[in-house]
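The values are calculated or read from the model by the stated rules, or taken from the named source; none is laboratory data. All values reported here derive from a predicted model rather than from experimental measurement. So basically every Cβ, Gly included, is an ideal-geometry build from the backbone, and we count neighbours across all protein chains shown. Side chains are part of the model used for accessible areas, which takes the heavy atoms of the whole protein and leaves out ligands, DNA and RNA. Shrake-Rupley method; radii C 1.70, N 1.55, O 1.52, S 1.80 Å.
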Amino acid sequence: MSQSIPLPVAITMGDPAGIGGELTLKAWDKLHQKAAQPFFVIDCPSRLKKLATDLSLNVPVREISTPIDAGFCFGQALPVISEELHEAVTPGVGDPRNGSAVINSIKRSVGFVQNKEASAVVTNPINKAVLYQSGFNHPGHTEYLADLAKSKTPSVMMLASKQLRVIPVTIHLSLAEAINKLDSDLITHTIRTASTALKQDFGIRTPRIAVSGLNPHAGEDGSMGSEEIDLIIPTLEVLRKEGIDVRGPLPADTMFHAKAREGYDVAVCMYHDQALIPIKTLDFDNGVNITLGLPFIRTSPDHGTAYNIAGQGIANPNSFISAIEMATTMAKAKVRMWSAITLIAIFVLVCASECPSPSL
């Protein structure tokens, strides 16, 4: 692909009975006239055309054969690589008979990135309960992506907006389960993954990582809990010796005001609500879910299929648009990083070839 047409972003179908199709149409409508990186969606072209008509959206749909075609038509129409559905779609009513198309859309998008035909994957929301009825046997979206990538280590979830990036060490567990699951290995893996991703995917050379305590006031020297003293502090000391700029444990109730946020690039929190309450309070409509630790870039909007409003034309596309823009920014940062590494390697080789061999 020529340098004037960057690799496009691959967008998945998501649950066709949800709001994903509407979000995709609205995202193209907003982004196609900007100097934006092109994207294409793997979906059913006839479904999207009908949806655009039903919702009175002036979005032309053009079927393409390969991702490279997206860059040539993106300014005039939404590029779609066909993934046909087995049954007609009723908005708000999930149909397991269309599950194979939803799964194929995810699989094909990852394949395009792995083949360097696309720069990143943006996933529309799926309904796991519906997919389970069609034979889907993974706990969720992220686990399926990790399986496709043949990833050997657990992924890490980041929520990001313009104001804040957060990572919960434990995610969808009860508070009691989260506390029991916390250990040095999990905290270490989360922070190492965050540090690597901030360098590779966000172009931050020396990431600053703020880490919350578990207890109120970060335990207050053991008077409100011992996890900080027994677990978190020793873990962070090891990470500092590795050269990671990690700060804490900090009281979670004072980490997220404006001045505090200026002092770090990401906040790592011990459990789900510690991380997600502040970012959803600051920017509920524009938060982006980013999966760290995969060998490719994956983002998604921070919401579900929204069956209750599907087909009504009222879905807010902001989080989905932010997910596309975030994927584009990350892809460009990764290209810059690898370009810099390549130049350094060439410089080292040239210097080595020009240096005289030592005399014996």
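Before moving on, here are some points about what is shown:
- What separates the Cα centres of segment 237-267 and segment 286-303 is a distance of 22 Å.
- Near Lys280, once Lys and Arg are set to +1 and Asp and Glu to -1 for all other residues with Cβ below 11 Å from its Cβ, the sum equals -4.
- Sulfur and carbon atoms: percent of accessible area, segment 47-178 [1.4 Å]: 51 percent
- Antiparallel DSSP beta bridges within segment 14-134, as percent of all bridges there, nearest 5: 10 percent
- Value at 222 nm in deg cm²/dmol, rounded to 500, when DSSP H runs of n ≥ 4 in the chain each add -39,500 (n - 2.57): -12000 deg cm²/dmol
- Spin-label pair Asn58-Tyr132: with each label point 7 Å from Cα along the Cα-Cβ axis, the two points sit 4.5 nm from one another.
- Taking every C-alpha pair closer than 8 Å and separated by at least 6 residues, the mean separation divided by the residue count of segment 1-74 gives a relative contact order of 41 percent.
- Here the Gaussian network model covers the chain, with springs between Cα atoms less than 10 Å apart; of Pro168, Pro154, Pro301, Pro154 fluctuates the most.
- DSSP-defined antiparallel bridges as percent of all bridges, the chain, nearest 5: 30 percent
- Using only side-chain charges placed at the Cβ, +1 for Lys and Arg and -1 for Asp and Glu, the dipole size of segment 96-164 relative to its Cα centre rounds to 60 debye.
- With a cut-off of 11 Å between beta carbons, the residues surrounding Pro251 carry a summed charge of -3, where Lys and Arg count +1 and Asp and Glu -1.
- Given +1 at the Cβ of Lys and Arg, -1 at the Cβ of Asp and Glu and no other charges, the dipole of the chain around its Cα centre is 980 debye to the nearest 20.
- Portion, in percent, of the accessible area of segment 279-337 that falls on carbon or sulfur, probe 1.4 Å: 53 percent
- Set of segment 164-198 residues, backbone N closer than 16 Å to the point 7 Å along the Cα-Cβ line of Ala258: 164
- Read-out log10 I(q)/I(0) by the Debye sum over Cα atoms at q = 0.12, 0.13, 0.14 Å⁻¹, derived from the coordinates shown; its label in (1) -0.82, -0.97, -1.13; (2) -1.04, -1.13, -1.21; (3) -0.91, -1.03, -1.15: (3)
- Relative contact order (%) - segment 209-272, alpha-carbon pairs under 8 angstrom, separation at least six: 50 percent
- Share of alpha-carbon pairs per 10 Å distance bin for segment 152-285, given as whole %: 12, 47, 35, 5
- Sum of side-chain charges, Val93 neighbourhood, beta-carbon under 11 Å (Lys, Arg +1; Asp, Glu -1): -3
- Glu117/Ile204 FRET efficiency (R0 30 Å; Cβ-Cβ; nearest 0.05): 0.65
- Using Cβ point charges alone (K and R +1, D and E -1), the dipole size of segment 148-237 about the Cα centre works out to roughly 820 debye.
- Estimated FRET transfer efficiency when R0 is 41 angstrom, pair Val93-His189 (beta carbons, to 0.05): 0.55
- Solvent-accessible surface of the chain, averaged per residue with a 1.4 angstrom probe and all protein chains in place: 48 square angstrom.
- Tensor-based shape of segment 72-140 (alpha-carbon gyration tensor, a/c under 1.5 rounded, otherwise prolate or oblate): oblate
- For the chain, built as a Gaussian network whose Cα springs stay under 10 Å, the top-fluctuating residue of Val211, Val110, Val130: Val130
- Among Met255, Ile68, Pro8 the positive-end extreme of the charge dipole of the chain (Cβ point charges): Ile68
- Contact order normalised by residue count of the chain, Cα under 8 Å, 6+ apart, percent: 21 percent
- Label-point separation, Ile309 to Ile277 (7 Å along Cα→Cβ), nm: 2.5 nm
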